[in-house]
1. Give me the residue from the range 90-102 that is open to solvent by 20 Å² or more (accessible area, probe 1.4 Å) and among the polar types (S, T, N, Q) and, out of that set, farthest from the chain's Cα centre (by Cα).
2. In the range 200-232, which residues are over 30 Å from residue 69 (Cβ atoms), touching a residue at least 40 places away in the same chain (Cβ under 8 Å) and not aliphatic (A, V, I, L, M)?
3. Exactly one of (1) within 30 Å of residue 196 (Cα to Cα); (2) open to solvent by less than 50 Å² (accessible area, probe 1.4 Å); (3) among the hydroxyl-bearing types (Ser, Thr, Tyr) is unmet by residue 59. Its number?
4. Which residues, counting only those in the range 288-314, are surrounded by 12 or more Cβ atoms within 10 Å (Cβ to Cβ), over 23 Å from the mean Cα position of the chain (by Cα) and charged (D, E, K, R)?
5. Please verify whether the range 315-323 includes one or more residues that are under 21 Å from residue 232 (Cβ atoms), open to solvent by 60 Å² or more (accessible area, probe 1.4 Å) and in contact (Cβ under 8 Å) with a residue 60 or more places away in the chain.
6. Considering the range 167-192 alone, what residues qualify as being modelled with pLDDT under 95, touching a strand residue (DSSP E or B) at 6+ places or on another chain (Cβ under 9 Å) and not in a strand (DSSP E or B)?
7. Of the residues that sit in the range 43-59 and are in a loop (DSSP other than H, G, I, E, B) and polar (S, T, N, Q), which one is modelled with the highest pLDDT?
8. Of the residues 62, 67, 17, which is touching a strand residue (DSSP E or B) at 6+ places or on another chain (Cβ under 6 Å) and part of a loop (DSSP other than H, G, I, E, B)?
Amino acid sequence: MHQNHKLTISAHSRLHLTLLAMHNGEYRINGGLGFAIADPSCELICSNAADFAINDQRTIPLVGTELERLVTLLQTEQRRCDFTVAIEIAINGNMRPHSGFGSGSAITLACLEALHRLNGSAPSPNELVAASGRGGTSGVGIHSYFSGGCVFDLGRSVDNNAHAPSHQVTASRPLLLDQLPMSDWEIGVCIPLTIPHKSQAEERDFFARICPLPAGAVYETLYHSLFGLYAAIREADRTTFCRALRAVQACAWKNAERLEYGKALIEIEQALYANGAEAVGMSSLGPSLFFLADNVAEIVNQMRLTRPDCDWLLTRPANYGRKLTDA
């Protein structure tokens, strides 16, 4: 193998609309619905090396313990596959960690894929997902990484494991119900800069406090998600999608996630509606918001003036997965 071989992987964010069966389910638990977006994104420049090294050059980088866990994961995979080459990785881009964009799954999968390819291996998506340990709670991020679009999954079979965030779940992967392209809708993204994101410990505490939900609350979320959001995506019906997105925000699980940020987040949402947003959602456990409207670009420009304490992006769904470029 060439000594200076390089591989660049460009990966996109995903918006996670809601988790579903967060009760003591009879059949399955968890399940989720979401879709990939073009921006924010991240770029990993990977090259072969004698030892593993990850340099996160983003404005908000992964902390030391997170980088150490990622290196440990790569070392484990190197030993498992008997690879001779380690890799150096530089991470760039505007995909912030712990902000609701699925950066943990995207970066973990990209690092593993780079390790394989720089060692002459062409792993399947299933092999990379298994090695990553990601996606135990929702399959949106692990599927959208490879092929983009909208992902609806049915969670995993009921077992003895409690509800928990993906980084803590090592059970079987969720069952994919459908993966389909998104319409080319304009979407605004708001990343609050002064609202602290949740740490992994805080995420675990949130799941422990809120779950299990009453069964009736879960049935309500599932109705709005399946007959509202999913059907509207299938029929390219933005008006119904927005109605259902608003309804999901008031359902028990998403409302509990939103309440974690209190007044600070609600004020941003209210400003978006006052400026003409048709529907505002929070991605995953936030704190990032996204919105749809007839005039998304105008609203983004207005909010940049009135709320400079947030990053504002204009984006669209991404019906494609990560891009690999050999250098």
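The values are calculated or read from the model by the stated rules, or taken from the named source; none is laboratory data. Since we're looking at a predicted model, the values are computed, not measured. When we count neighbours, we look across all protein chains shown, and the Cβ atoms used for this are built from the backbone with ideal geometry, even at glycine. When the accessible area is computed, the model is the full protein with side chains, heavy atoms only, and any ligands, DNA or RNA have been set aside. Shrake-Rupley method; radii C 1.70, N 1.55, O 1.52, S 1.80 Å.
1. 92
2. 214, 221, 225, 230
3. Residue 59 satisfies all of (1) within 30 Å of residue 196 (Cα to Cα); (2) open to solvent by less than 50 Å² (accessible area, probe 1.4 Å); (3) among the hydroxyl-bearing types (Ser, Thr, Tyr) except (2).
4. Across the range 288-314, the qualifying residues are 298, 304, 307.
5. yes
6. 169, 171, 172, 173, 174, 175, listed by residue number.
7. Once the filter is applied, the top-ranked residue is 57.
8. 62
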